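Worksheet: the structure to be examined is printed underneath.
The values are calculated or read from the model by the stated rules, or taken from the named source; none is laboratory data. Because the structure is a prediction, the values reported are computed rather than measured. Reconstructed Cβ throughout: ideal geometry from the backbone, glycine too, with neighbour counts over all protein chains shown.
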Amino acid sequence: MRHPRAHSLTNTQPLCKGVRKDGSPCQAEGHRDLDGYCIAHAPADKLHAWRVHGGSAATATRIDRRVPKRFKDIIELLTEDMTAVRSGRRTDSPPREPLSG
């Protein structure tokens, strides 16, 4: 059997501050965002916020992988233009091409 805290000697992430049902210290990694607890021992309010943030980040990453490069460039240009218009840096309208019909 390995030493109960041997894991912390090789890992820079501190161990969870929680205690298991049998009274021994938890051996999972503690998360800074969860006040040093693992997801099993974290306070409910902190855990909910952590899960929501993780879901949002994962969704953004998944969407980014699915959008083709040519559309990413167009989205970036449109976003820059909309930001400029909202901030007042751009007041003129770009010329539009006539719709063919």
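Yes/no per residue for (1) modelled with pLDDT of 70 or more; (2) not in a loop (DSSP other than H, G, I, E, B):
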position	(1), (2)
8	no, yes
21	yes, no
59	yes, yes
62	yes, yes
76	yes, yes
82	yes, yes
94	no, no
99	no, no
Run residue 41 past the list (1) surrounded by 11 or more Cβ atoms within 10 Å (Cβ to Cβ); (2) at pLDDT below 80 and report the number of the one that doesn't hold. (2)
Here the residues within segment 33-43 that are in contact with a Pro (Cβ under 9 Å, 6 or more places away or on another chain) and either assigned to a loop (DSSP other than H, G, I, E, B) or among the charged types (D, E, K, R) (or both) are 35, 36
From the list 48, 53, exactly one residue is at pLDDT 75 or above, surrounded by 10 or more Cβ atoms within 10 Å (Cβ to Cβ) and in a helix (DSSP H, G or I). Which is it? 48
